[in-house]
Amino acid sequence: MPDTFTPDLELALLGGLLFNPDAIPTALATLTEDDFASEGHRLIFAAIRALSVSGRPVDPVTVAAALDAQGVLTLTGGAGYLALLSVARLP
């Protein structure tokens, strides 16, 4: 994981992807789960990747459902944390 990543940056990046799914292809081309320091953020990014690659919509609800289906939603902070991410994005 890059030394430049911080929890706040990870939060803003994931929030940006949830708010603006058009940015997902660029993120997928440059980032992997290993670029995130937080285990929860790695799981969220993996869910975003899986949904996007399968052509499904990416938003807090679909990401929460995907994480719940894997049994890891609580490890990420839950649906409330995903809702927080969707408003905590880069300007």
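Values as computed for the structure displayed
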{"quantity": "Residue match in the range 43-53 (condition: at pLDDT 95 or above and surrounded by fewer than 16 Cβ atoms within 10 Å (Cβ to Cβ))", "calculated": "yes"}
{"quantity": "Odd one out for Val63 among (1) of a type in the set (A, V, I, L, M, F, W, C); (2) surrounded by fewer than 19 Cβ atoms within 10 Å (Cβ to Cβ); (3) part of a helix (DSSP H, G or I)", "calculated": "(2)"}
{"quantity": "Near pairs, Cβ below 8 angstrom, 6+ apart or cross-chain, from the range 60-80 (closer than 11 Å to Ile44 by Cβ) to any residue that is at pLDDT 95 or above and assigned to a loop (DSSP other than H, G, I, E, B)", "calculated": "none"}
{"quantity": "The range 15-27 - residue that is over 11 Å from the mean Cα position of the chain (by Cα) and free of Cβ contacts under 8 Å to residues at least 60 places away in the same chain and, of those, surrounded by the most Cβ atoms within 10 Å (Cβ to Cβ)", "calculated": "Ala23"}
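The values are calculated or read from the model by the stated rules, or taken from the named source; none is laboratory data. This one's a predicted model, so the numbers in the text were calculated from it and none came from an experiment. A quick note on method: Cβ atoms are made from the backbone with ideal geometry, for glycine too, and the neighbour counts reach across all protein chains shown.
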